[in-house]
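Everything on this sheet refers to the single structure shown next.
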Amino acid sequence: SPTIRARILLLLANSVPVLPEPALLPSVHQAWPFILNRLADSETFVVSAAAALVEALATNVGDFMAGRVWEDVWPRFRTMLQRLARADASSALARRGFGVGTESAYTHSHRLYRAIILTMTAAVRGVQAQDTGCWEVIVLFRRFLRRDAHEELQAKARALYIALCKNNEDAVWLGLAATLGWIEGSVAFLQEPKWDVEANVRIILKCSTV
């Protein structure tokens, strides 16, 4: 039952902060294939619950999860983001100008986006990924900086980019500056003239210099 799958995943997510690591980590290791399978579940609310579990693990046992997130989870998140971006682009909400997700913070789509952003923020803080992985994150999460994204998603995305700046400040500047059309050359294709992201970009770049 999809409902039972989701409830089990959420129960596990809620237990992560209170379980001692000697009890938690072997269980996660054993359940890891199941968790990864749920990230490909046909029901969005199950995927959202699985992402919430990964988020909780990345936040609370980051050293244990960092490699798993970059090697196992990020490729799945990357595919999800690309698919959801296409869905948002063709949705009625997007056509009305709400470009990322939905207006409500209580939809499964919003919760999934939130969990993905928070998981990758925890992963970025936990260990420095390969340059390729970080660049993919920089490019794919730019859409959450749009002014027409939900305010919570904008705030979480800003925190992600600020975390990225700790080890990849030049790459963050390059990706965001190219998005705004501030620079030309090989990254000019990243420019998104229809995206209103400048206010968030300036906040991120200001924080990165503090």
Next item on the list: Find me the longest stretch of the chain that has none of the exposed trypsin sites (Lys or Arg not before Pro), where exposed means in a DSSP loop (not H, G, I, E or B) with at most 15 other Cβ atoms within 10 Å.
Entry: 1-95
Note to self: Let's see if you can work this out: charge +1 on each Lys and Arg Cβ, -1 on each Asp and Glu Cβ, no other charges. What is the dipole magnitude of the chain about its Cα centre, in debye to the nearest 20?
What the structure shows: 460
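Do any chymotrypsin sites (Phe, Trp or Tyr not before Pro) in the stretch 159-201 lie in a DSSP loop with no more than 15 other beta carbon atoms within 10 Å, and if so, which?
Numbers: sites: 161, 173, 182, 189, 195; in loops: 182, 195.
The qualifying sites are 182.
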Check: In degrees, nearest 10, range 0 to 90: what is the angle between the Cα axis of helix 44-60 and the longest Cα principal axis of the chain?
Finding: 90
Check: Under 17 Å from a point 7 Å along the Cα-to-Cβ line of residue 21: which residues of the stretch 47-83 have their amide N that close?
Finding: 56-69
Next item on the list: On a 0 to 90° scale, report how tilted helix 151-180 is relative to the longest principal axis of the chain, with both axes built from alpha carbons and the result rounded to the nearest 10.
Entry: 60
Next item on the list: Measure nothing fancy, just the Cα-based angle from helix 131-140's long axis to the longest principal axis of the chain, in degrees from 0 to 90, nearest 10.
Entry: 70
Check: Nearest 0.05, what FRET efficiency do residue 207 and residue 147 give at R0 = 25 Å with Cβ-Cβ as r?
Finding: 0.90
Checklist line | Separation of the residue 139 and residue 192 label points, Cα + 7 Å toward Cβ, nm | finding: 1.3
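With a cap of 15 neighbouring Cβ atoms within 10 Å, and only residues DSSP puts in a loop, list the GluC sites (Glu not before Pro) found in the stretch 161-210. Walk me through the numbers on the way to the answer.
Numbers: sites: 169, 184, 198; in loops: 184.
Sparse-neighbourhood loop GluC sites (Glu not before Pro): 184.
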Notebook entry, point to check: Any idea what log10 I(q)/I(0) is at q = 0.17, 0.18 Å⁻¹ for the stretch 134-210, Debye with uniform C-alpha scatterers and no solvent?
Noted result: -0.56, -0.63
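Under a 1.4 Å probe, what is the accessible area of the chain per residue, stated in Å²?
Values: 10720 Å² over 210 residues.
For the chain, the solvent-accessible area averages 51 Å² per residue.
For the chain, just run the numbers: alpha carbon Rg, then divide by 2.2 N^0.38 Å, N being how many residues it has. Please list the in-between numbers first.
Numbers: Rg = 17.2 Å, N = 210, 2.2 N^0.38 = 16.8 Å.
Here the answer is 1.03, to two decimals.
The values are calculated or read from the model by the stated rules, or taken from the named source; none is laboratory data. Predicted model, so just to flag it, every value in this text is computed and none were measured. No Cβ is skipped: glycine too gets one built from the backbone with ideal geometry, and neighbour counts run over all protein chains shown. SASA here: full protein model, heavy atoms, side chains in, ligands and nucleic acids out. Shrake-Rupley method; radii C 1.70, N 1.55, O 1.52, S 1.80 Å.
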